[in-house]
Amino acid sequence: MSDTISKAESNQLIAGLPENESRLLLQLCEPVDLIFGSELCEVQTPQQHAYFPLSGWISLISATSDHQPLGVAMIGNEGMLGASLALGVSKPRLRGVVHGPGVGLRITASQLRRLLRDSPALQSALRRYAYVLMGQLVRTATCNSFHEVEMRLARWLLMTHDRASSEVLPLTHQLLADLLGVQRSAVTIAAGKLQRKKLIGYCRGQIRVLSRKGLEDACCECYGVQTRDHALQFAV
């Protein structure tokens, strides 16, 4: 096995499987680089692969013809891109775009479907994860409707920090504006407030987390809700 596959247990879904089922899964997976900006699935196009990130993260993006794209969820090493395949859904409703470069494991959709027939633990894990991911989508909709940009920005920075291996996050104001569905100027104002509170630093397209605790205090309740949801996913 390659070095990437030997580190597969850094993905929490894989790590939680019984040894025999994780072994069968890994035999069908191939290592893949998660390259910034890569689109891993498209709306209403049959999904060809599922991805298990080992590092980096993938944003789920909703888009309409008359508005900029909106980030609605994030996937890192706690989950996978393609959980809907476990529900029998092959055409995603959201785009999957790499916004945090890293490495992962990839399996074809057809191989995953066949594996699910004989892997009850994998089937259960993916269904639970699909439920948790749905909760993240609902929470984002709630957050976007009721909370100020500064709180929403703090939440997205915390979500990114959870999935990054560094205090420095490769996030530009424009990317954050796209993810939050607001104008760049709104992100600049909100980020400036967080900077003045000495919670983050910003330089040349990178945000440095200076106070994790401060960001948690500046965030709305939505981050804590989805964190508890993820914890429950692995407690079952």
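The values are calculated or read from the model by the stated rules, or taken from the named source; none is laboratory data. Predicted model, so just to flag it, every value in this text is computed and none were measured. Neighbour counts run over all protein chains shown; Cβ positions are idealised from the backbone, glycine included.
Checked against (1) aliphatic (A, V, I, L, M); (2) surrounded by fewer than 22 Cβ atoms within 10 Å (Cβ to Cβ); (3) closer than 24 Å to residue 14 by Cβ; (4) in contact with a Gly (Cβ under 7 Å, 6 or more places away or on another chain), residue 70 meets all criteria but (3). Being in contact with a Lys or Arg (Cβ under 9 Å, 6 or more places away or on another chain) and in a helix (DSSP H, G or I) is the filter; apply it to the range 203-217 and report the residue that is nearest to residue 162 (Cα to Cα). Among them, the one singled out is 215.
Please state which one of 130, 109 is outside the structural domain of residue 45 (by TED's automatic domain parsing) and surrounded by fewer than 21 Cβ atoms within 10 Å (Cβ to Cβ). Going through 130, 109 in turn, just one is outside the structural domain of residue 45 (by TED's automatic domain parsing) and surrounded by fewer than 21 Cβ atoms within 10 Å (Cβ to Cβ): 130. In the range 94-111, the residue that is nearest to residue 127 (Cα to Cα) out of those that are touching a helix residue (DSSP H, G or I) at 6+ places or on another chain (Cβ under 9 Å) and part of a helix (DSSP H, G or I) is 109.
In this structure, is residue 95 under 14 Å from the mean Cα position of the chain (by Cα) and of a type in the set (D, E, K, R)?
On the way: under 14 Å from the mean Cα position of the chain (by Cα): yes; of a type in the set (D, E, K, R): yes.
When the stated conditions are applied, residue 95 passes them.
Determine if the range 78-93 includes at least one residue that is farther than 16 Å from residue 53 by Cβ, of a type in the set (Asp, Glu) and not in a helix (DSSP H, G or I). No, the range 78-93 contains no residue that is farther than 16 Å from residue 53 by Cβ, of a type in the set (Asp, Glu) and not in a helix (DSSP H, G or I).
Residue 149 meets all of the listed conditions (1) surrounded by 18 or more Cβ atoms within 10 Å (Cβ to Cβ); (2) over 19 Å from the mean Cα position of the chain (by Cα); (3) farther than 28 Å from residue 68 by Cα but one, namely (3). How many of the residues making up the range 191-202 are in contact with a strand residue (DSSP E or B) (Cβ under 7 Å, 6 or more places away or on another chain) and in a helix (DSSP H, G or I)? The number of residues fulfilling the criteria is 3.
Take the conditions touching a residue at least 12 places away in the same chain (Cβ under 8 Å) and out of contact with any Cys (no Cβ under 9 Å at 6 or more places or on another chain) and apply them to residue 133. Does it pass?
In short, yes.
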